[in-house]
Amino acid sequence: MDIRINESSRVPKYKQIVDIIIEDIAKGKLKVRQKIPSINELSETWYLSRDTVEKAYKILKDQKIIVSVKGKGFYIAKTDLISKINVFFLINKPSSYKMMIYNSFVNTIGADGFVSLFIYHCEDTLFTRIIEKNLDAYDYYVIMPHFKDENMNHISVTESSLAAINKIPDGKLIIMDNNKLSLNKDYGTVYQSFEEDIYEALKEGVDKLQKYDKLIIIYPDKTVHPYPKRILHGFRKFCVEFDFDFEILSEIYEDMELQSKDLYVIIKEMDLVNLVRQVRKKELKLGQDIGIISYNDTPLKELLGITVISTDFKAMGETAAQMVINNTTEKIKNPFNYIERNSV
């Protein structure tokens, strides 16, 4: 290989090595399964530090462009990703909603990109480790920051996760879903405004809600993947402003004291299942005796006629992908809708 390092360039030498190897693959000079020099061979032949070559090879391995075979050396693994945009996509949990965003993003990027999915389960230590391990390995970093404290409460960001995010280069970061971060960099965001969103959505359906005597929100606490407290703030604000009696519960209990003209705002899927089961068991009429509004829409809720308040997951993925495609860093609030069906 002809490693043409430009000593006067401000581009780091390890990045120049990566670019040269990618260019040689694109031009057909390097083929799949072709062996390339070892780290020691490359550093000795071209008078480069071993650390520089090692860093370059790590990036190429992370992008799956090269592979190392123990006892044999390094080989070209793939050539079909070279001309594509490589995207790092980090979500807090593998829920159906997050996967809807991911699938929408991937479909919008299409054949022009390769997207690697990572999950950190709201753990800031795992979040930080994943980002630091993959720094400089991708063209763009799409991240959904949601964390939990020692009491299993939701927090938008931690000190260590913020430090990790700030290591991502300017213009290469897109924050999704949660925008309560103070970043000293140029970045794009497609976000939900959790307090404002639930307030405005319930306000849109207030005429139908007036037939209910009490509004009850089921806000899970002590959960592995906690929800933003701002959802509760928006719910309280709505109830106070429109003079609704209201209550906050942490779950749907077995043998709930169901009373006619109560409306439930449900966040977790299992709570929705448990409530509908009890409504049917007690032969109450959904949308007449008991009202239900579920948080976040799914095809199954549409099929069952469950009223929802929900962000547009498809739009979130598409918007983030368009930022990557167009290389822009906009700040965009994602659409949030009240979708009325038969359960209110």
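The values are calculated or read from the model by the stated rules, or taken from the named source; none is laboratory data. Note that the structure is predicted; figures quoted are calculated from it, not measured. Every residue, glycine as well, gets a Cβ built from its backbone with ideal geometry; the counts of neighbours run over all protein chains shown. Heads up: the accessible areas ignore ligands, DNA and RNA and are worked out on the full protein's heavy atoms, side chains in. Shrake-Rupley method; radii C 1.70, N 1.55, O 1.52, S 1.80 Å.
Brief remarks follow.
- Centroid-to-centroid separation of segment 40-63 and segment 5-39 [C-alpha atoms, Å]: 10
- Placing +1 on the Cβ of every Lys and Arg and -1 on the Cβ of every Asp and Glu, with nothing else charged, gives segment 62-182 a dipole about its Cα centre of roughly 440 debye.
- For segment 89-229, the mean projected area of the C-alpha convex hull, equal to one quarter of the hull surface, is 10.1 nm².
- Of the peptides 314-323, 200-209, 247-256, the order by per-residue mean of other Cβ atoms within 10 Å, starting with the highest, comes out as 314-323, 200-209, 247-256.
- Around K214: net Lys/Arg minus Asp/Glu count, Cβ-Cβ under 10 Å: -3
- Modelled label positions at V11 and K282, each set 7 Å beyond Cα in the direction of Cβ, lie 6.8 nm from each other.
- Taking every DSSP bridge with both residues inside the chain, close to 25 percent are antiparallel.
- In the chain, the alpha-carbon atoms span a convex hull of 162 Å³ per residue.
- Once the 1.4 Å probe is applied to the protein heavy atoms, the chain comes out at 48 Å² accessible per residue.
- Shape category assigned to segment 1-159 from the gyration tensor of Cα positions, a/c cut at 1.5: prolate
- Centre separation in Å (Cα based) which lies between segment 250-303 and segment 158-184: 37
- Straightening the chain between F118 and K331 buys 74.3 nm, computed as 0.36 nm per residue apart minus the Cα-Cα spacing.
- Annotation: amide H of Q34 within the under-5 Å range of I76, sequence separation 5 or more or interchain, hydrogens built in the peptide plane.
- Here the simple spin-label model places points 7 Å from the Cα toward Cβ, and for D51 and K93 these points are separated by 4.2 nm.
- Rg over Rh, two decimals, segment 159-232 (C-alpha only, Kirkwood Rh): 1.12
- Beta bridges by DSSP in segment 14-151, antiparallel share as percent, to the nearest 5: 35
- Residue-count net charge about I252 - beta-carbon cut-off 14 Å; Lys, Arg +1, Asp, Glu -1: -4
- Cα gyration tensor category, rounded, prolate or oblate, for segment 1-92 with a/c compared to 1.5: rounded
- Protection proxy ranking, peptides 66-74, 181-189, average beta carbon neighbours within 10 Å, highest first: 181-189, 66-74
- Global geometry of segment 150-198, whether rounded, prolate or oblate, following the gyration tensor of its Cα atoms and the 1.5 cut on a/c: oblate
- Heavy-atom surface analysis with a 1.4 Å probe gives segment 1-155 a carbon and sulfur content of 50 percent of its accessible area.
- Shown are V157, V142, whose ranking by accessible area with a 1.4 Å probe and every protein chain present, most to least, is V157, V142.
- Projecting label points 7 angstrom from Cα along Cα→Cβ for L258 and K229 puts them 3.3 nm apart.
- Within segment 313-335: backbone nitrogen closer than 13 Å to the E200 label point (7 Å, Cα to C-beta): 332-335
- Fully extending the segment from L126 to K72, taken as 0.36 nm per residue of separation minus the present Cα-Cα distance, adds 16.2 nm.
- With the convex hull constructed from alpha-carbon coordinates only, segment 40-125 shows a mean projected area of 8.0 nm² over all directions.
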